[in-house]
Every structure is written in structure tokens, then in C-alpha cells.
């Protein structure tokens, strides 16, 4: 009997089934408790499984769908018109309690809109957020950042809820006691930033349940000054993508330098694995996926052009959240957080 | 006879006169046409000059002031109460036509508020913007980004004006014909982002004077897809500081790796100058300063904790803008841009 059931949006992502089916097979071979629902075009899925000499497998169930959400499709159109899409079916399975989590590499906006509509938010949560872990100066220590692009703009109250949810994730997923929570701002001083950020700061610091440590700037994202960084989706998305951009730039410049000098070329080969690991960690959503939190169900978003290894990592991220019962723990924290808020008001 | 007169806010910055006076002496020694007004506490300036065995110098004039704007002072308070500050005096000299430009490493918000109030904006410009050049994958090719933090939030019309001003800077400062102008967004598709960004896109693409190329994401800041990147000050500030943060993180991780391995340690020494240059370029406002454009005068902002070398670079940035008559050229472009707009409407 399998104890972990996860629904995959097989058709999602830039490369679709070729990648997702490969990842599914890698995952079931590693985790015997895992059962995967493969949502997508039955003939395509069957074809790819046959390439791996699989006709039937006790850990795999095909859920046939007739539609696919395009990567550039408008979220509202996907929500209205793609009720028989692989993305929608995967979310439906979570909503019906048949799957414990859903993993998709599809259109982020559409996934967000569908998940919001199908699964609904947890009590006390107005908007779900996209969260991921970024590396810090300290070895093996991450910092969680949210929202990474699910919501364009966030009012103070939404940022406050993100602070609470981020705190739970840091505590539950990385085992940090009393996680430090900071707001990303354009200066550390209290007078800096927009009114809604100042109001969010007031709300976060008033709540004793949250270990709010103040504003931080972009250059302190990685310095381990905090465990959780809260910002709106526009800013979070730009910051995350900028990280990827800088990492790529530095990697290319280093690579050019290392290939131009004879001795450096030798060292370049020595350096390669360490460099690769470092630059991979600068690109977290491409590697481990990002999670959509605040919903009545677990949804992990893999990068649009994820490799099979990266999509597999996203499946294991989903498994981790199932085992740690993330949504349940967010609900408890929010209840406590809200009680705390009522007390302090 | 000197043909370049620049006013320095000697008291500004984390390290104050120690750094700024050193930079001033470096600059006059390199550029015989340069005359500097040293605005600040006369006894302190005299003391530092004496350390360099300077009693009087034909290229230096002390402008005594009695007040200093603190680094964490509220802009509104600085504007109201610090009329005899070194920052204010330096700007006054530009306004009076006695200096052609002003350089400060002081409180950015206060400098912005004072410059806005003392110098006023150019005709057709509603808000000045902070602009700087970032490196790209292409050797010796920069990309100009604005606003880097002068304005928290910018409406569509302000972003549109930034696009026009950025285009002029790229053309005049780096000699790029028909500079490509892009808006920083959380996706490349037309449907992405907030309403004011979409409106700014419509305005920019309607103006034939601007070579508008669409939205870009954070990971494309450095890929030479564009010559000018436009965003609001909050987003620009976060992106710029995130660059610094990533560069620091990569530098530290590389440094640790290079010191841990014997052969790598040797190569590390070889790599050091190239690495330093690269990571310096990832930190442009710390190195060359950023310019406040859209004003009736030239104002260059050096980083708060700039070194003497960096403050000197900011002085030379100011000289460059004086020689290229940047404000005059922005005025002409805006007139043309506005005419174009009237035609297309």
C-alpha cells in the first residue's frame, strides 16, 4: 500500500511529457511508497512509458485529459476554458482528496489562478504565495523568500500573512526555532519604503508569535541576517530572476577567464563541480521548484524549462511537504497568529 | 582658467571628509582644468588639507558650512532644517550657476529631496531618476538602469519619461545609436505585470522617437537584450542591491573554495585581479556613482561607504556629464519626444 500519492501535470512545462515522465520514473524507482497520477494525453504518456518498457506499473496511474494549458495562455482563459486540462485534473485530484499534492512545470499564472479557485485558501489566508529557499553565506543554511511572483502587488495585510506563513515554513521545513522574519525594502531605516510596507512592519512587530527583525535590503538577502524574507510578487520575482541573471553573468565571465589561461584551465576543471553546485543553488526554482503556500493542499511549481532531475526534485519537495503536513501547520500558526493579533490590538 | 567647476558635499557619506578630501586631491592632480568647491566645516577641511601639506590651492575653494545632513535623517527634515548644510550649499552653487555639477555621498533621500527642490526638474520631467550603468555578457558593453531608488513608486507617465531620459543617456554617454529601451517586468508576455507597467509599455511603443523593445525579466538585465532598463525606484533599488548581494555571495564562496585547495590557491592569486574587476562592476553605484537625471543641473550620487577611489570616479562621472551637456540633451529629447507623442495621439 502506497502512503504517498502525488498528481503530476504531465503536459506542463516547456518540454512537457518527455521531461515529466522521465522524472516520474526516476522518482518511483527511488521511493517505493510513492504513487503517481500521470495527468495528460493518454496516447502520449503511453508512448513515453513504452520507451522505458513500461506497459503498466503498480506505482503509476494514467489520468487521461484532452486539453493542455499553453505556457503563454492568459490565466483567466485557462481557468474558464481548460477544465479538462492536465493541470486542472491534477489540482482536482488534490481537492478530491485522491492525491496529497500536485506538481506542475506549467504556466505559473494559470497554475496560481486554478489552484486558488479549485483548492481555495486556508482560513485566514487571503492570497497564496510562491515561496522558495535561497542560499546564504553560511554553509547549508537557506533563507526562505516569498512571494516570488504569484501576486503582482500586495497590501500590508497580505504581506503580514506571508510573514506568518513563511515563519511556519522555515520552522517546519528547515527546523529553525523562532525564525527571523524580515521585510524586503529599499532601505533599512524605518522611514524608507512605501506606506503598505511600513504598515506591514507595524503589524508584524506587534505580533509576538512572529520574530520580526525589521527591514532588509537586497544586498542582505544572502547574508543570513534573516530566515524569512517577505515582499510582494513583483519585487520577489525581479529579485529572484536578477539572482539567476547575476549568477549566469559571473559564471560566463569566470568561464571565459578560466578558458583563456592555461593554468586556469586546469583549475577550471577542478573548480567546475563546486561552481556548478553554487550556481545551481542561485537558481532555486529551476532546481528544487517553488511551493504555492496558503492553499488547502500542496502545490509545487517546477521551473518551466526544468530538467528531469529538477522536476524529480520538485516531486521530492512535494513529498517533504506532505510528510511535514505543511498546510495543517500553517493553519495552526495562523490561528495562533490571529489570536495573538487580537490580544495585542 | 579652469573650465570645469564642481561642488563637493565634503561632509556626506559614512566616512565624510577623510574620504572626500582624499578624492578631491586625487581628482585635481589628474585633471588640471578642474576646480572644486569644497562645501563643509572649514576647520575640518583645513585640517585634512594640511595633512596633505595643502594650505591653499588654485584648484580648490572652501565653502564653509555649519550643518551636516545625517545619513539617517528624514529627507523632509533635512530639506526644512539644513539650509546651511554642505549638501545644500553644493546644490545651491549649481543652481546659482557657480558650479556645473555637484557630487555627494550623503543621504540619498535627502539629496533627492533637496536637488528636486533647489534645482527643479527639466521642462517635461515630473520626477528625477537615479541612473547607473551595469555590466553585460558582452565585453565593455553596459546597460543603463533607472530608477534605482529616487522614487518609491512610479506611475505610467513617469516610467515613460524615464524611458526617454534613459534613451538620451545611453545615446550621449555611451554613444549608442537608437538605444533599445525595455521595461523590467515579472514576465515577457504582454499580459504580465501591473496596469501602470502595461500603460507605460503602450506609451513607449507609441512614440517613434524611442526604440522600445518590450518587457524583460530580471535574468535578462545583463544579457545585452537592451540598452536601457526602466523600472520604479523600489524595484530598481532591490534589483541593484540584489546584484551586489549575489556578487558578494559568489565571491565569498569562490574565495573559500580557492583557499581550501592548494592548486586553487595559486590560481586564486592569478584570478584575483580579474575577479575583483568583475565584482566591482557588479556594484556600480559603489564604484562609479549613480546620476540623478531630469534636473536642471548635474548631480552625481556616490555610494554612502564609497572609498576615495570610488568618490573620485564619481567626480569624473560628473565631469563627463558636464562635457556631454547631459541636461541640455535630455531637454531636447524630451521636446522631440513630446512632439512625437502629440503626433501619435
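The values are calculated or read from the model by the stated rules, or taken from the named source; none is laboratory data. Just so it is clear, the structure is predicted and the values come from calculations on it, not from any experiment. Reconstructed Cβ throughout: ideal geometry from the backbone, glycine too, with neighbour counts over all protein chains shown.
Observations
- Flag for residue A:251 being part of a loop (DSSP other than H, G, I, E, B) and more than 7 Å from chain B (Cβ to nearest Cβ): no
- Only one entry in A:164, A:148, A:159 is assigned by TED's automatic domain parsing to the domain that holds residue A:223, surrounded by 24 or more Cβ atoms within 10 Å (Cβ to Cβ) and assigned to a loop (DSSP other than H, G, I, E, B), namely A:148.
- Scope the range B:221-235; condition facing chain A (nearest Cβ under 8 Å) and crowded, with 22+ Cβ neighbours inside 10 Å; matching residues: B:221, B:222, B:231, B:233, B:234, B:235
- Here residue A:286 fulfils each of the conditions (1) over 16 Å from the mean Cα position of the chain (by Cα); (2) within 11 Å of chain B (Cβ to nearest Cβ); (3) at pLDDT below 80 apart from (1).
- Selection within the range B:153-179 - within 16 Å of the chain's Cα centre (by Cα) and either within 11 Å of chain A (Cβ to nearest Cβ) or within 30 Å of residue A:257 (Cβ to Cβ) (or both): B:169, B:170, B:173, B:174
- Looking only at residues of the range B:67-82 that are in contact with a strand residue (DSSP E or B) (Cβ under 8 Å, 6 or more places away or on another chain) and part of a loop (DSSP other than H, G, I, E, B), we find that the one that is farthest from residue B:304 (Cα to Cα) is B:82.
- Any hit, the range B:203-214, residues being within 14 Å of another protein chain (Cβ to nearest Cβ) and free of Cβ contacts under 8 Å to residues at least 40 places away in the same chain: yes
- Residue within the range B:99-116 that is without any contact (Cβ under 8 Å) to a residue 40 or more places away in the chain, farther than 16 Å from residue B:311 by Cβ, in the same structural domain as residue B:16 (by TED's automatic domain parsing) and not in a helix (DSSP H, G or I) present: no
- Lone qualifier among B:214, B:245, B:236 - being outside the structural domain of residue B:106 (by TED's automatic domain parsing) and closer than 24 Å to residue B:121 by Cα: B:236
- Residue tally, condition outside any strand (DSSP E or B) and within 12 Å of chain B (Cβ to nearest Cβ), over the range A:124-139: 4
- Failed condition for residue A:8, given (1) closer than 23 Å to residue A:115 by Cα; (2) part of a helix (DSSP H, G or I): (2)
- Failed criterion for residue A:170 (all others in (1) in contact with a helix residue (DSSP H, G or I) (Cβ under 9 Å, 6 or more places away or on another chain); (2) free of Cβ contacts under 8 Å to residues at least 60 places away in the same chain; (3) part of a helix (DSSP H, G or I) hold): (1)
- Search result, residues across the range B:236-246 that are facing another protein chain (nearest Cβ under 7 Å) and under 19 Å from residue B:156 (Cβ atoms): none
- The selection criterion, being surrounded by 22 or more Cβ atoms within 10 Å (Cβ to Cβ), outside any loop (DSSP other than H, G, I, E, B) and modelled with pLDDT under 95, does not hold for residue A:181.
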